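The values are calculated or read from the model by the stated rules, or taken from the named source; none is laboratory data. Being a predicted model, the structure only gives us computed values, none of them experimental. No Cβ is skipped: glycine too gets one built from the backbone with ideal geometry, and neighbour counts run over all protein chains shown.
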Amino acid sequence: MNKSVSILGSTGSIGRQALEVAKFGNYKIRALTAFGSVELLEKQIREFKPETAAAADEKAAADLTVRVADTPTKILSGIEGVCECAAMQADVVLNSVVGIAGLTPTLAAIGAGNTLALANKESLVTGGELVMAAAKKNGVDILPVDSEHCAVFQSLAGCNDRGQIKRLILTASGGPFFGKNKEELKSVTAGQALKHPNWSMGEKITIDSATMMNKGLELTEARWLFDVPAEKIDILIHRQSVVHSLVEYVDGSVIAQLGVPDMRIPIQYALTYPDRHESPAQQLRLEDYGRLTFETPDYETFIGIDLCKRACSIGGLYSALVNGANEQANLLFRQGRIAFLQIGEAVEYTLDNIAPCQPGGVEEIFETDRIARQAVNKFFRIETEQ
Ligand code: MG
């Protein structure tokens, strides 16, 4: 029996690649959701024939309802519609929504007892404690889709005692600005930042990769997924993106997972787990690479990693605060309203001067996110647009 899969965020980069994998593996698609890309979502509905689809944007949902009126697919709207899709019974729900908007669908999928393939790192960065507790309570597996976390997950196979782990080592490509100093980064544009050397990804995460904030968020995500403190997670620059991450054990053994930089491999593993199937991705030929290189990150220039690590160590909702500040600053940079280095400065200002809410439920997380975005706008003297 082929598995049934729901994909949240199906029109984004991960969502589109997940559909390629689903097609290759002949999976049944239960539900598809997007924010507002109706044209592509309509195309996906016609091809994959899900029972239900949702657009988070209400106008887009109304448009979609008209467009696919001739199909049996039921159309839902708003974030409630996305959550309803997440809660539909499926063998795996893949969440590739961008940003903190992915948190409530993550909780909806877990609440319904669905296995969650998680590509939305912000769910764990902002709500790690809440999400992991809900997963435990509902007996739900969270399978990481992020390439680094998929690598750690595979490298941890057979390890039942966290005490045997010396450290996790997440690899980082270094992004398009590797080797540049602050002076050289002063005037770089969003266009330059969007040219990632190895991975094809969405815009938000590609900018996060250029600032290396992405690696800081991944460190936070790893802290929750694998229950390893931030102090025991290191970052290593590896320009070729072939070694996707490593686990060092107390006996000195280091186990890593390797593969070509193709997101379809970790996506497929999350869908087929614990089995492995043939993949549409290219075979890794190490001889084509010749040599693989590793070096320490430039923490002084790319301050995002340390900011995330600090927030993680303080605990509470500080990681949600850092995430909100970063999402807002990342957006302002893409809009051409602030300079590249100001992204890190805004996040640092927020972490140093603003307090998050006391941890509670989802409301406190979203309120912390709002406070962080407001702080960033204030930092740049931008009128808050609501
Ligand atoms: Mg990654």
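Selection over region 326-341 of residues that are of a type outside the set (S, T, N, Q) and part of a helix (DSSP H, G or I) gives a count of 7. Among the residues of region 197-214, some residue qualifies, meaning at least one is more than 14 Å from the chain's Cα centre (by Cα), in a helix (DSSP H, G or I) and within 16 Å of the ligand (Cβ to nearest atom). With respect to Ala87, is the statement that it is crowded, with 16+ Cβ neighbours inside 10 Å and either away from the ligand (no atom under 16 Å from the Cβ) or on the phi > 0 side of the Ramachandran plot (or both) true? Yes: the conditions hold for Ala87.
Taking each residue of region 209-232 that is outside the structural domain of Gln342 (by TED's automatic domain parsing) and looking for partners that are of a type in the set (Asp, Glu) and assigned to a helix (DSSP H, G or I) with beta-carbon atoms closer than 7 Å, six or more apart or interchain, yields Asn214/Asp208; Leu217/Asp208; Glu218/Glu148.
Which one of these is more than 16 Å from Leu225 (Cα to Cα), buried (at least 24 other Cβ atoms within 10 Å of the Cβ) and out of contact with any Lys or Arg (no Cβ under 7 Å at 6 or more places or on another chain): Val97, Val68? So that I can check it myself, show each step before the final result.
Numbers: Val68 fails: buried (at least 24 other Cβ atoms within 10 Å of the Cβ).
That would be Val97, the only listed residue that is more than 16 Å from Leu225 (Cα to Cα), buried (at least 24 other Cβ atoms within 10 Å of the Cβ) and out of contact with any Lys or Arg (no Cβ under 7 Å at 6 or more places or on another chain).
Here Arg239 qualifies as in contact (Cβ under 8 Å) with a residue 60 or more places away in the chain, over 17 Å from the mean Cα position of the chain (by Cα) and within 16 Å of the ligand (Cβ to nearest atom). Listed conditions (1) of a type in the set (S, T, N, Q); (2) closer than 22 Å to Ala108 by Cα; (3) under 22 Å from the mean Cα position of the chain (by Cα) are all met by Gln89, apart from (3).
Screening Val260 on (1) under 27 Å from Asn2 (Cα atoms); (2) hydrophobic (A, V, I, L, M, F, W, C); (3) over 21 Å from the mean Cα position of the chain (by Cα) shows it passes everything except condition (3). Selection of region 115-157 for residues being more than 17 Å from the chain's Cα centre (by Cα) and either within 16 Å of the ligand (Cβ to nearest atom) or surrounded by 24 or more Cβ atoms within 10 Å (Cβ to Cβ) (or both) yields Gln154, Ser155. Here is the figure for region 175-188: residues that are of a type outside the set (Phe, Trp, Tyr) and in contact with a helix residue (DSSP H, G or I) (Cβ under 9 Å, 6 or more places away or on another chain) total 6.
Taking Arg162, is it over 19 Å from the mean Cα position of the chain (by Cα), under 19 Å from Cys308 (Cα atoms) and more than 15 Å from the ligand (Cβ to nearest atom)? No; evaluated as a whole, the condition is false for this residue.
The rows are residues; the columns are (1) in a helix (DSSP H, G or I); (2) more than 21 Å from the chain's Cα centre (by Cα); (3) of a type in the set (Gly, Ala, Ser); (4) closer than 26 Å to Ala172 by Cβ.
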residue: Ile305; (1), (2), (3), (4): yes, no, no, yes
residue: Lys309; (1), (2), (3), (4): yes, no, no, yes
residue: Leu321; (1), (2), (3), (4): yes, no, no, yes
residue: Glu345; (1), (2), (3), (4): yes, yes, no, yes
residue: Gln374; (1), (2), (3), (4): yes, yes, no, no
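Among the residues of region 176-196, those identified as surrounded by 14 or more Cβ atoms within 10 Å (Cβ to Cβ) and either under 22 Å from the mean Cα position of the chain (by Cα) or on the phi > 0 side of the Ramachandran plot (or both) are Pro176, Phe177, Phe178, Ala190, Ala193, Leu194, His196. Taking the criterion of being touching a residue at least 40 places away in the same chain (Cβ under 8 Å) and over 17 Å from Met88 (Cβ atoms), the residues of region 16-34 that qualify are Gln17, Glu20, Val21, Phe24, Gly25.
Among the residues of region 35-60, those identified as of a type in the set (Lys, Arg) and either in contact (Cβ under 8 Å) with a residue 60 or more places away in the chain or in a helix (DSSP H, G or I) (or both) are Lys43, Arg46, Lys59.
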